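K.L.:
Before anything else, here's the structure in question.
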Amino acid sequence: MAWPRAFQRGALLTRFSHHHVLGGFELKAILLPLPLEYCSNHLFPNTEEATLFLGTLDTVFLFSYAVGLFVSGIIGDRLNLRWVLSFGMCSSALVVFAFGTLTEWLHFYNTWLYCSLWIVNGLLQSTGWPCVVAVMGNWFGKAGRGVVFGLWSACASVGNILGAFLASSVLQYGYEYAFLVTASVQFAGGIVIFFGLLVSPEEIGLPGIEAEENLEDSHRPLINGAENEDEYDPNYSIQENSAAPPVKAISFCQACCLPGVIPYSLAYACLKLVNYSFFFWLPFYLSNNFGWKEAEADQLSIWYDVGGIIGGTLQGFISDVLQRRAPVLALSLLLAIGSLVGYSRSPNNKSINALLMTVTGFFIGGPSNMISSAISADLGRQELIQGSSEALATVTGIVDGTGSIGAAVGQYLVSLIQDNLGWMWVFYFFILMTSCTILFISPLIVREIVSLMHSRRAHILSE
């Protein structure tokens, strides 16, 4: 059966902690010794059963995280983002502490307790991404959002690397100390967020992004937006607009009906399936297909993250210049299909494989970062709802939640295809999902390309 084999390989690792310290790499480092611990404490009859249970933990985490994203987005638009983020980080840290440290200190081992705690952990960690995207969207306008969010979205990869270092540095003293250190740093981060995070410019008396963008043409680059600005008024106060209707959060159904939300959500489900399948399966693929050592495969797989970071930043910059996201996505995804074909035929050479892996990460990880951050912020700040409603966190939760469900389901499908048809058919499946990503946003692509051509033509005629 496909499920047990996927579990035994440890394929479903929790890389979903974007803003929390405990991410995929360090969780893998912590949990690898656990099967022997479970066996020695008679919790499981053998190591194989213990490894199967670790796969179960990862699976329930994936789905609880995906469900939690929808809820967290709604909560984030109704409560103070700083409170939600701090609560999520500190509460998740306490759950991680209870899961890995407290149970070991008390010598209390129970599979149902572990599953329950990890489900709660997934729900709590889901508070991160919608809220941090909303905070970033409050501070950075649409004109420069692509490159800023492209650089910022590297936080997931950096957090995984730092978390892995923290966990591995104390793992020699016992796995419970790895959980203790990461939970402590995470809890401290939650305290810093609570006392130090400014969720919007209005908190310190500055005009908000919407107020600034209303002073200039929303379809004009930010670098040209200052030429007709009024002179600075020292008596300006954000309270002058107190007559404006109070901002309120829109409902979940209203957020789903916003233009572009459903197409991008479905597209992200397909793209995140491919992106996270590379995260989860790449080390195993390298060791299984080429016979490389697991440690070497893990180190080599980092190049995929590097490609995604560079791709997200560069493509975000290009989309800022063009002031259109969809055409940049379309071109990148078309090239991604070619890169998948090339990588599937990579020779048994580490240098060439790393190069092809970086290119693949550039064209797949880059668009994935754009959709989950910059485009989600654009959708939640579109003109249709500006000035009267709050939707940024809700929209981000919908987009990322749908994508996470696709990623979770994809792990089973990848395992099923690989077991029955082989690795080449897995890459065919990736190509199909990448093509579906383009298909779902094809109306947006056509509309933005036509709009871009019209704006260029008008610019030429005006000269």
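The values are calculated or read from the model by the stated rules, or taken from the named source; none is laboratory data. No experiment lies behind these values; they were computed from the predicted model shown. Cβ placement follows ideal geometry from the backbone for every residue including glycine, while neighbour counts extend to all protein chains displayed. With ligands, DNA and RNA removed, areas are computed over all heavy atoms of the protein, side chains included. Shrake-Rupley method; radii C 1.70, N 1.55, O 1.52, S 1.80 Å.
K.L.:
Would you be able to tell me the number of residues in region 112-144 that are among the polar types (S, T, N, Q), in a helix (DSSP H, G or I) and at pLDDT 85 or above? Please lay out each step first, then the result.
P.N.:
Within region 112-144, the first condition is being among the polar types (S, T, N, Q), and the residues that meet it are 116, 121, 125-127, 138.
From what's left, in a helix (DSSP H, G or I): 116, 121, 125, 138.
Then keep just the ones that are at pLDDT 85 or above; that gives 116, 121, 125.
Of the residues in that region, 3 qualify.
K.L.:
Could you identify the single residue in Leu314, Leu335 that is open to solvent by 10 Å² or more (accessible area, probe 1.4 Å), closer than 26 Å to Ser435 by Cβ and either in a loop (DSSP other than H, G, I, E, B) or touching a residue at least 60 places away in the same chain (Cβ under 8 Å) (or both)?
P.N.:
Values: Leu335 fails: either in a loop (DSSP other than H, G, I, E, B) or touching a residue at least 60 places away in the same chain (Cβ under 8 Å) (or both).
Within the list Leu314, Leu335, the selection yields Leu314.
K.L.:
A further question follows. Among the listed residues Ala98, Ala66, which satisfies the condition of being out of contact with any Phe, Trp or Tyr (no Cβ under 7 Å at 6 or more places or on another chain), surrounded by 20 or more Cβ atoms within 10 Å (Cβ to Cβ), assigned to a helix (DSSP H, G or I) and at pLDDT 85 or above?
P.N.:
Values: Ala98 fails: surrounded by 20 or more Cβ atoms within 10 Å (Cβ to Cβ).
Among Ala98, Ala66, only Ala66 is out of contact with any Phe, Trp or Tyr (no Cβ under 7 Å at 6 or more places or on another chain), surrounded by 20 or more Cβ atoms within 10 Å (Cβ to Cβ), assigned to a helix (DSSP H, G or I) and at pLDDT 85 or above.
K.L.:
So, Val409, is that one farther than 20 Å from Gly342 by Cβ, part of a helix (DSSP H, G or I) and of a type outside the set (Gly, Ala, Ser) or not?
P.N.:
Values: farther than 20 Å from Gly342 by Cβ: yes; part of a helix (DSSP H, G or I): yes; of a type outside the set (Gly, Ala, Ser): yes.
Here the answer is yes, as Val409 does meet what is asked.
The rows are residues; the columns are (1) farther than 30 Å from Ile75 by Cα; (2) among the charged types (D, E, K, R).
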position	(1), (2)
Thr396	no, no
Val409	no, no
Gln418	yes, no
Leu421	yes, no
Leu432	yes, no
Glu448	yes, yes
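K.L.:
Of the residues Asn348, Asn353, which single one is open to solvent by 30 Å² or more (accessible area, probe 1.4 Å) and touching a residue at least 40 places away in the same chain (Cβ under 8 Å)? Can you show your working first?
P.N.:
Working: Asn353 fails: open to solvent by 30 Å² or more (accessible area, probe 1.4 Å).
Only one candidate passes the filter, namely Asn348.
K.L.:
If I ask for residues that are open to solvent by 10 Å² or more (accessible area, probe 1.4 Å) and either outside any helix (DSSP H, G or I) or touching a Leu at 6+ places or on another chain (Cβ under 7 Å) (or both), which ones from region 78-90 would you list?
P.N.:
Leu79, Asn80, Arg82
K.L.:
Mind checking which residues of region 171-206 are aromatic (Phe, Trp, Tyr), under 20 Å from Leu106 (Cβ atoms) and in contact with a helix residue (DSSP H, G or I) (Cβ under 7 Å, 6 or more places away or on another chain)?
P.N.:
Start the filter on region 171-206 by keeping residues that are aromatic (Phe, Trp, Tyr), which leaves 173, 175, 177, 179, 187, 194-195.
Pick out the ones that are also under 20 Å from Leu106 (Cβ atoms) and you get 173, 175, 177, 179, 187.
Scanning region 171-206 gives Tyr175, Tyr177, Phe179, Phe187.
K.L.:
With the requirement that a residue be at pLDDT 90 or above, polar (S, T, N, Q) and open to solvent by 30 Å² or more (accessible area, probe 1.4 Å), what does region 403-445 give you?
P.N.:
Ser435, Ser442
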